[in-house]
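Trainee: This is the structure I want to talk about, given as structure tokens.
The values are calculated or read from the model by the stated rules, or taken from the named source; none is laboratory data. Every value quoted in this text rests on a predicted model; they were computed, and no experiment measured them. Positions of Cβ are generated from backbone atoms using ideal geometry, with glycine treated the same way; all protein chains shown enter the neighbour counts. When the accessible area is computed, the model is the full protein with side chains, heavy atoms only, and any ligands, DNA or RNA have been set aside. Shrake-Rupley method; radii C 1.70, N 1.55, O 1.52, S 1.80 Å.
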Amino acid sequence: MNNKILENLSYGVYVISTNCKDNKTTGCIANSLMQITYDTIAVSIHHNNYTNKCIKESKKFAISVLGVDVDDNVIPTFGFQSGEHIDKFEQVAHLEINGIDIIENSVGYIVCEVINQMETDTHTVFLGKITEGEFLHPQIPMTYAYYHAVKKGKSPKNAPTYIEETQNSKIAYKCKICGYIYNGDITKEPDTYTCPICKKGKDFFEKL
């Protein structure tokens, strides 16, 4: 199959948050989200994500709709780190809505109660009934295509749209923090170079 056709499907970029143990809120980046009816939303979360386990326990989740002007640390924090080990919302400005934290600098939020779920080989599709929603900031919503083309972002391995990429360059370096692949000799970059995903310096890259 030619994977290029999949790259032409339309996606947004969202933070899905939920409560976990001790009522702490965790969350992850998602792009596979769909409005099923006027008051029902489906979202796909990988089995290995801590957020998946927490949604199953709390039976509720919130959606922060990310805009193109979202803070630079949001996607690295929620897309490439585990909420089982860190407090993700400690890193970003947030609001508490009905006991769940949401991203303050977002287009807006939607809160849902889980009414059903379906298991695939790798992901759980949660069906949520909307209980609340609000528009926050007049930003342009970020699309997944924009994230890749403009932000030069990469897909985490747990993302539904992740496709193993083959490297054509003879030299490549991998960020030890977020997994971003730099094709070429990163040592030729200036000392001010930072990873486009997690913003770590080139000292955090290892040669493949």
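Trainee: Going by average Cβ neighbours within 10 Å, how do the peptides 129-136, 71-78, 29-36 rank, with the highest at the top?
Mentor: Packing order, densest peptide first, comes out as 71-78, 29-36, 129-136.
Trainee: Excluding Lys24 itself, what net charge comes from residues whose Cβ is under 11 Å from its Cβ, given Lys and Arg +1 and Asp and Glu -1? Display every interim value, and only then the final one.
Mentor: Details: positive: Lys21, Lys88; negative: Asp22, Glu84, Asp87, Glu90, Asp101.
Every neighbour counted, the sum reads -3.
Trainee: Oh, and also: Give me the extension gain from Lys24 to Met118: residue separation times 0.36 nm, minus the current Cα-Cα distance, reported in nm with one decimal.
Mentor: On the way: separation 94, 0.36 × 94 = 33.84 nm, distance 2.53 nm.
Extra length available between Lys24 and Met118 comes to 31.3 nm.
Trainee: State in Å² the accessible area per residue of region 52-98; use a 1.4 Å probe, count heavy atoms of protein chains only, and round to the nearest integer. Could you put the intermediate results ahead of the total?
Mentor: Numbers: 2180 Å² over 47 residues.
Solvent-accessible surface per residue comes out at 46 Å².
Trainee: Can I ask one more? Solvent-accessible area of Cys28, probe 1.4 Å, all protein chains present, reported in Å² to the nearest ten, please.
Mentor: Here the residue's solvent-accessible area equals roughly 10 Å².
Trainee: Subtract the Cα-Cα distance of Phe135 and Val68 from 0.36 nm times their separation in residues, and report this length gain in nm to one decimal.
Mentor: Details: separation 67, 0.36 × 67 = 24.12 nm, distance 1.53 nm.
Going from the current span to full extension adds 22.6 nm.
Trainee: Ordering Lys200, Lys207 by how much accessible area each has at a 1.4 Å probe, largest first, what is the list?
Mentor: Details: Lys200 80, Lys207 135 Å².
In descending accessible area the options line up as Lys207, Lys200.
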